[in-house]
Each structure stands twice: as structure tokens, then as C-alpha cells.
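Some notes on the structure that comes next.
The values are calculated or read from the model by the stated rules, or taken from the named source; none is laboratory data. Model, not experiment: these values are computed from the prediction. When we count neighbours, we look across all protein chains shown, and the Cβ atoms used for this are built from the backbone with ideal geometry, even at glycine.
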Amino acid sequence: MKESFDIKVPSNPRMMQLVRKTIAQACQMVGFSDREIHAVTLAVDEGCTNIIRHCYRNSKTGHIVLRVRLYNDKIEIVLRDFGDEIDVEKLRECAEKRKRELELSGPVNPGGLGVMLIHSIMDRVHYRTSQDSGTVLRLVKYLSSAREKKIASNGRA
Amino acid sequence: MQVMVEHDKHAAVISVSGDVDLYSSPEMRKAITQLSREKVPLIVISLKEVDYMDSSGVATLVEGLQLTGSYNGSFRIACLKPGVREVFELARLDRVFEVFETEEEALKTS
């Protein structure tokens, strides 16, 4: 790992611009393209938005902690909240359902779009949730070159 | 984010500038809802000054499409920048909305 840092922001939608700028800059340091920077920033924004809406039920008094780890070939962002427990299985099903619906027709109901975007953009998405300690969402995105190498080596294995 | 509305009884252009996210999308929603309430036949959302839109913004646009559809009105999107176009593509919205290169085209096409 090259570098890591934490930021803690209130669960206030107004703070999302600050989060986006920070994540964009971190992605730039790893070496992502402008397109990938935009996509990763969107995925993190969607993660925070879901925390504000579902874990804190739009209350601005909660907090979100973002731990950002910069590697040579990837970025890892861990989002942590201290709000309501979420149903991880339901969330996964929702993203899958949404993806299938979009493939078949088009969005009539935009619910679940944020989760679907997170899964479409990031290479790894992992949730851990509990009643006592809130939810941890771990997001990983590899540089395109690293991803290609990984796929090739998996193919050989 | 800023929202400007120009309209007559036939058409309205909502020009949005800045990031459209959970914090700012209610402002865009307010303009769309107001015009839909007046049953304006054609609503064009101009996004030429928008570099960033998240799913809250997308949801607001889908809502606009549904609202105008309820009175057989038209709801069109104009001037998508690359970052926003990508969100539209990821969400397959490019197939759902009528998307135009310019505001003029969006207003002209019947």
C-alpha cells in the first residue's frame, strides 16, 4: 500500500461535494483515467447517499467515515456508518433485479439505481452490517491495466 | 446548483447548472413539478452546464418523464456532457428518454 487516509463527514447531503472532490483527487493519485475517476466518484457518492437515506433516514446528525487506501494498481474505499442495520441480502437482490430489469426494458421505477450503479462500476463490493456497529461498505477499483492482467492470470489458472 | 426556467404556454426549458446530487436535485424537482402541474406540453431539460449527476438526479428526471406522461406531454433532455451521458448509459436511460444534442433541436422536433 502506498498511502491511506480517513475522512469523517456529517450525514449531510451538502457534504457530498467535498467527498467527491477528495475521492477524485485520490483516484488521480493512483493514475485512473478521467472516465474512471468520474465513475469511482459516482460509486462512492451513491454509497454515501444510500447511508444518508437508509441508515440515517435523512438525519444530518450521523457520521460517515471514509477510509481511503491508495495502491499501485487499485483504490480501496471503505465507508462506515453508525446508523440502522441494513438487509445486505435484500440489497444484493435489489441490485441484481434492477440490472435484469434494465437489460430487459428500461427504468420505470428508479428505486435501487444507486446500488446497481455501485455494482456496475466497482470491481469489488462487500457489505458487513450489524445492529451494534452499523454498516461497512468496502469498494475496490483496479486500474484497467491491472484488471486485464488479473483476468489473464485467472484464465491461465 | 442553479435552475433557470424559460417558458410559454407551449414549451419550457429548464436550464440546470452545477452538480445534480441528493443535496441539489430537489431544486430541479421543484421546477419540473411546477411545470407539470401547469401541464406544459413540452418540457426540455438542458444539462449543458452539468458535469455531474447521481442517481438522485436521474430519479428526478424519471419522475419528470412520468409526470408529463400522465397528461401526454413530452419530456426531453438536451446537451448531455460526457460524464452525465455515461450515467445515462449505465442506467440505460439513453433508451428511455428523448435525448437531443441542442436545446433548439429538442424544441423543434415534434
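Here are a few things to note about the model shown:
- Within the option set A:Ile86, A:Ile75, being touching a Cys at 6+ places or on another chain (Cβ under 7 Å), of a type in the set (A, V, I, L, M) and at pLDDT below 90 holds for one residue only, A:Ile86.
- Just one of the numbered conditions (1) in contact (Cβ under 8 Å) with a residue 12 or more places away in the chain; (2) more than 14 Å from every other protein chain (Cβ to nearest Cβ) is not true of B:Phe97: (2).
- Positions within segment B:1-29 being within 28 Å of A:Val19 (Cβ to Cβ) and out of contact with any strand residue (DSSP E or B) (no Cβ under 8 Å at 6 or more places or on another chain), in sequence order: B:Leu22, B:Tyr23, B:Ser24, B:Ser25, B:Pro26, B:Arg29
- Scanning segment B:36-54 for residues that are in contact with a Cys (Cβ under 6 Å, 6 or more places away or on another chain) and within 9 Å of chain A (Cβ to nearest Cβ) turns up nothing.
- Of all residues in segment B:55-78 being touching a Leu at 6+ places or on another chain (Cβ under 6 Å) and at pLDDT 95 or above, the one that is farthest from the other protein chains (Cβ to nearest Cβ): B:Ser74
- Residue within segment A:26-46 that is aliphatic (A, V, I, L, M) and under 15 Å from A:Gly134 (Cβ atoms) present: no
- Residue in segment B:71-93 that is of a type in the set (Asp, Glu) and touching a residue at least 12 places away in the same chain (Cβ under 8 Å) present: no
- Out of A:Ile64, A:Ile51, sole residue that is outside any helix (DSSP H, G or I), under 17 Å from A:Arg128 (Cβ atoms) and within 14 Å of chain B (Cβ to nearest Cβ): A:Ile64
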